[in-house]
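The structure appears right after this line, and notes come after that.
The values are calculated or read from the model by the stated rules, or taken from the named source; none is laboratory data. Note that the coordinates shown come from a computational prediction; the quantities given were computed from them, not determined experimentally. Positions of Cβ are backbone-derived with ideal geometry, glycine not excepted, and every protein chain shown enters the neighbour counts. Surface areas here come from the heavy atoms of the whole protein model, side chains and all, with no ligands, DNA or RNA. Shrake-Rupley method; radii C 1.70, N 1.55, O 1.52, S 1.80 Å.
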Amino acid sequence: MTNLELLAPARNLECGKAAIDHGADAVYIGAEHFGARAAAGNSVDDIAELCRYAHRYAAKVYVTVNTIVYDKELSATRNLIDSLEDAGVDAIIVQDLAVTGMVRRMALHASTQMDNRTADKVRWLRSAGFSRVVLARELSADEIAAIHAAASDVELEVFVHGALCVSYSGLCYASQSCFGRSANRGECAQFCRLRFDLTDAEGHVIERGRHFLSLKDMNRSDGLEQLVAAGATSFKIEGRLKDAVYVKNVTAAYSRRLDAIIRRYPHLYRRASLGRCRYTFEPDLNKTFNRGFTDYFLGGHRSDISSMDTPKAIGEFVGTVKEIRGGSFTVAGISSFANGDGLCFLNEDRQLEGFRVNRAEGNRLYPQKMPRSLRPGQRLYRNSDREFEARLERPSAERKIPIRLRLDVMPTGFSLTATVVGGRSVEVTIEGEHQLAQQPQRDNIVRQLTKLGNTPYECIEVTISEDFQLFLPASRLAQLRRQAVERLEQEYQQLIAEAPTSVPHDQIPARTVQEYAHSCFYNIANDHARRFYDGCGMSGLSPAFELHPDPAAPLMQCRHCLRYALGFCVKHGGRRPTWREPLYLSLPDGRRFRLEFDCRRCQMSLFKE
């Protein structure tokens, strides 16, 4: 049986618990420092509480320590690692190789920031002690399957939902170069979401004022089975800056999809944690933050991945503007609306405009302020569904672990056996005299034993022998029930604590298998990491771009290609371009960036002029 893990983001403790409640098998969260989302830090005490909560369901907690670390920060990093191990964290997600030598118990997961896109790289990381590798978002299902075939002893984690970086992760230096904010230090300024002009070598404007590097959001909910078949075992939702409403909805949607796969293949797969969820709402991915959806390169081909008109959330299509009258308008479509909904549209200049619905009367809407550029025939989108969000702002799920209970008579008392369905069993006993009952006891015993209240458990069956004729006070039954629950929780907390996490590894791998044209791409920011590469026979590498910018290095390497996106990729059936290369992207302040196209690798690179 293969465990399938749904991995959800946690901005904070509240989001982490919500993710567990709504079906996550694991949660990833940032600590106070050294996470690739600097704005999403949490105290070690909160992380410890999240670990205790998750471990009740045999779910796990991973902490992101996935920035590059400077020499002066190594001591603080080591102290943080020690604290996280004491807190019960199951694994850390790492970019800087200096961190690997600081870990004693926790598992090591290689962050996607390490640019993991080949089988050779995955095997090398395995030899360095990583039990799991988070693959590059750009990989197709076939490419993932090939990596799994060549490195079957490594867990493969893949992104399935959320915002996309246009550059291969870990190889984007645009934010650092332009704004002094390093993506490899968790401070990305989102250069890729800016508006540019596209010009050719002769200065002719090809297109003006578009978000050429902005991508839609990933949605692989329909491709989960492909990814499972390819050998991925952990399915990651992006969003450590998102709120609890986002986490609840997206986690629930993907949890249901994974459960459906397991129902089709019950002898092959199972969930990596315990419990089943009941929801007070119907999950709908269209109703939470999105820029439009793409499955990215899942099928190996380029689908419509660009969001060039706007980098903002568009949401779900709800109809077209039919008729405008004074301070209101009607919508042609089948969607229903509520007071407070947030709607938006692209105006004639391809600018996104949004407004709030003050009053909804069927399909006639009265905005708080009527948008001047609203026209009949325009497509209308809803990026804030007030009624849906209100349901998720309240308690919206319950997660329970099904158990069976069996009451038996012992020579000097009674025993209660509690068995998790598909899991472990515990037995507890109490001493006591055997008193014959004056009336049937079965209904009362079942009622008392199944009062599991706020515990993680629900009883689906109570077994009592047919000839059971003894009296047991309600207080004694409650004592047995409490003891059984405590023992079960201890059993699974201990199971998590004793689970093997680190993997055998070479002290230093024989050699690194990835060779970059610019050695600053190894992101070496401290002496520990440098010695690691020296031991691999990779001496003389340049420091990280953040420490020593290489003017010849590209600021981005992308699988996204503007030739293809604009319909001018001859290799894939596009028309022959009329412009003269190189092409340039220009910001309004005059800064200019050169584009280079490597058709053999289907790769576009961006250089600062």
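Placing one equal scatterer on every Cα of the stretch 1-127 and applying the Debye formula, the log10 ratio I(q)/I(0) at q = 0.18 Å⁻¹ is -0.96. Shape descriptor for the stretch 438-558: Rg over Rh equals 1.48 (Cα atoms; Rh from the Kirkwood inverse mean 1/r). Give the carbon-plus-sulfur fraction of the accessible surface of the chain in %, rounded to a whole number; probe 1.4 Å, heavy atoms of protein chains only. Heavy-atom surface of the chain belonging to carbon and sulfur, 1.4 Å probe: 46 percent. Between the helical axis of 44-55 and the dominant principal axis of the chain, each derived from Cα atoms, what acute angle in degrees is found, rounded to the nearest 10? So the helix axis and the longest Cα principal axis differ by about 60 degrees. With the highest mean first, a sort of the peptides 369-375, 282-288 on other beta-carbon atoms found within 10 angstrom per residue produces 282-288, 369-375. For Ser214, the solvent-accessible surface with a 1.4 Å probe is about 0 Å², rounded to the nearest 10. Pairs with C-alpha atoms separated by more than 27 Å, drawn from the list Lys322/Lys369; Lys121/Lys236; Lys72/Lys236; Lys236/Lys287; Lys248/Lys400; Lys72/Lys608, are Lys72/Lys236; Lys72/Lys608. The 1.4 Å probe gives accessible areas that order Trp124, Trp579, largest first, as Trp579, Trp124. Legend: calculated FRET efficiency, Thr2 to Lys451, from the Cβ-Cβ distance at R0 = 35 Å, rounded to 0.05, equals 0.45.
In a Debye calculation with equal point scatterers on the alpha-carbon sites of the stretch 409-462 and no solvent, what is log10 I(q)/I(0) at q = 0.16, 0.26, 0.29 Å⁻¹? Once normalised to I(0) and log-transformed, intensities are -0.62, -1.23, -1.28.
Each label point was placed 7 Å from the Cα along the Cα-to-Cβ direction; for Leu470 and Glu353 their separation is 7.9 nm.
Considering only alpha-carbon pairs that sit under 8 angstrom and 6 or more positions apart, the relative contact order computed for the stretch 134-209 is 19 percent. Computed from the coordinates I sent, volume of the Cα convex hull per residue in Å³ equals one of (1) 221; (2) 156; (3) 185. Tell me the label. From the options (1) 221; (2) 156; (3) 185, the structure gives (3).
For Ser307, nonlocal amide neighbours, meaning residues 5 or more places apart or on other chains whose placed amide H falls under 5 Å from its own, are Ser214, Leu215, Lys216. Across the stretch 76-86, rounded Karplus estimates of 3J(HN,Hα) from the backbone phi angles (6.51 cos²θ - 1.76 cosθ + 1.60, θ = phi - 60°) give 5, 5, 4, 4, 5, 4, 4, 5, 5, 5, 5 Hz, Gly and Pro being marked x. What shape does the stretch 246-386 take by its C-alpha gyration tensor, where a ≥ b ≥ c are the square roots of the eigenvalues and a/c under 1.5 counts as rounded, a/b above b/c as prolate, and the rest as oblate? Prolate shape, in that a/c is at least 1.5 and a/b is the bigger ratio.
A simple rule links phi to the HN-Hα coupling: the Karplus curve 6.51 cos²θ - 1.76 cosθ + 1.60 with θ = phi - 60°, which for the stretch 393-403 gives 6, 9, x, 10, 7, 9, 10, 10, 9, x, 9 Hz, with x for Gly and Pro.
Compute for the stretch 125-171: radius of gyration divided by Kirkwood radius, i.e. Rg/Rh, restricted to C-alpha atoms, rounded to two decimals.
0.98
The residue among Ala128, Ala418, Gly203 whose Cα reaches farthest toward the positive pole of the charge dipole of the chain, with charges on the beta-carbon of Lys, Arg, Asp and Glu, is Gly203. Going by accessible surface with a 1.4 Å probe and the largest first, Glu431, Glu138 read Glu431, Glu138. Take the Cα of Ala229, step 7 Å toward its Cβ, do the same at Ala150, and the gap between the two points is 2.2 nm. Here is the size of the stretch 99-252 from its Cα atoms: Rg then Dmax, 17.9, 59 Å.
The stretch between Glu393 and Arg264 holds 43.2 nm of extra length on full extension. This uses 0.36 nm per residue minus the Cα-Cα distance.
Taking a ≥ b ≥ c as the square roots of the eigenvalues of the alpha carbon gyration tensor, the stretch 37-109 is prolate, as a/c is not under 1.5 and a/b beats b/c.
Quick one: compute the contact order of the chain, relative version, from alpha carbon pairs under 8 angstrom and 6+ residues apart, as a percent.
In percent, rounded to a whole number, it is 16.
Using the alpha carbon gyration tensor of the stretch 169-307, what are the three equivalent-ellipsoid semi-axes (square root of 5 times each eigenvalue), largest first, in whole Å?
Value: 36, 18, 16 Å, ordered largest first.
With all protein chains in place and ligands, DNA and RNA left out, the 1.4 Å accessible area ranks Cys172, Cys344 as Cys172, Cys344, largest first. Of the options Ala272, Gly362, Ser221, report the single residue whose Cα projects farthest towards the positive end of the charge dipole of the chain (beta-carbon charges: Lys, Arg +1; Asp, Glu -1). Among Ala272, Gly362, Ser221, the one farthest towards the positive end of the dipole of the chain is Gly362.
Taken one residue at a time, the phi angles of the stretch 409-425 give Karplus couplings (6.51, -1.76, 1.60, θ = phi - 60°) of 8, 10, x, 10, x, 9, 10, 10, 9, 10, 10, 6, 4, x, x, 8, 10 Hz. Gly and Pro are set to x.
Which value, in Å², gives the accessible area per residue of the chain when a 1.4 Å probe is used on the protein heavy atoms?
Numbers: 26430 Å² over 609 residues.
So the chain comes to 43 Å² accessible per residue, rounded to a whole number.
Computed from Cα atoms, the angle from the helix 141-150 axis to the main principal axis of the chain rounds to 70 degrees. At q = 0.13, 0.22, 0.23 Å⁻¹, what is the base-10 log of I(q)/I(0) for the stretch 307-435 according to the Debye formula with one equal point scatterer per Cα and no solvent? Please give it to two decimals. Per q value, in the given order, log10 I(q)/I(0) is -0.62, -1.23, -1.31.
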